[in-house]
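Colleague: Take this structure first; my questions come after.
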């Protein structure tokens, strides 16, 4: 493949996603505007599918951008995707005594997820096995936690990091006081 073709195949997915997000459009909205299925838009944005000229035409019209604008490398590097603290999705009804803030973007769900989790003194997050090969990595930011993965256990203090299998039953529990962790869940590829 030529350098130019490589550049197009690498740049196009990111630029389409950037154009969609800059307009505040969901995958569903772009699908409705373009006539391209939601799953196809998602596959194109992840670089898993190369669009036909007709599909690209429909997407660029729906996003009100031209192909040349999509391929402008300078614009790709001049963007910082920001989520304000007040906009970070939070889950309070999973686990006991824990508040989970989702730091990763929705399009990473099931691949590479990042969480900031706050526990009350008796808080715990018990999880059923994730997909085969999934692993979790956590770092304790405040307090102490007890981690269980299958039959293995570990107690962690501030600054400690643990890596463990998440394709078995696993649990994170605060030890005697409030705690806070930074958690990364990585699925097997």
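Let's see how each residue does on (1) surrounded by fewer than 16 Cβ atoms within 10 Å (Cβ to Cβ); (2) assigned by TED's automatic domain parsing to the domain that holds residue 13; (3) more than 21 Å from the chain's Cα centre (by Cα); (4) at pLDDT 95 or above:
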{"residue": "102", "(1), (2), (3), (4)": "no, no, no, no"}
{"residue": "130", "(1), (2), (3), (4)": "no, no, no, no"}
{"residue": "154", "(1), (2), (3), (4)": "yes, no, yes, yes"}
{"residue": "159", "(1), (2), (3), (4)": "yes, no, yes, yes"}
{"residue": "168", "(1), (2), (3), (4)": "no, no, yes, yes"}
{"residue": "173", "(1), (2), (3), (4)": "no, no, yes, yes"}
{"residue": "179", "(1), (2), (3), (4)": "no, no, yes, yes"}
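Colleague: Let me ask something else. Tell me whether region 66-83 contains one or more residues that are assigned to a loop (DSSP other than H, G, I, E, B), in the same structural domain as residue 26 (by TED's automatic domain parsing), at pLDDT 80 or above and loosely packed, with under 15 Cβ neighbours inside 10 Å.
Modeller: Scanning region 66-83 turns up no residue that is assigned to a loop (DSSP other than H, G, I, E, B), in the same structural domain as residue 26 (by TED's automatic domain parsing), at pLDDT 80 or above and loosely packed, with under 15 Cβ neighbours inside 10 Å.
Okay, residues lined up against (1) touching a helix residue (DSSP H, G or I) at 6+ places or on another chain (Cβ under 6 Å); (2) outside any strand (DSSP E or B); (3) free of Cβ contacts under 8 Å to residues at least 24 places away in the same chain:
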{"position": "139", "(1), (2), (3)": "no, no, no"}
{"position": "147", "(1), (2), (3)": "no, no, no"}
{"position": "155", "(1), (2), (3)": "no, no, yes"}
{"position": "159", "(1), (2), (3)": "no, yes, yes"}
{"position": "177", "(1), (2), (3)": "no, yes, no"}
{"position": "183", "(1), (2), (3)": "no, no, no"}
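The values are calculated or read from the model by the stated rules, or taken from the named source; none is laboratory data. All values derive from a computational prediction rather than experimental measurement. Counting neighbours? That spans all protein chains shown, and the Cβs are built from the backbone with ideal geometry, glycine included.
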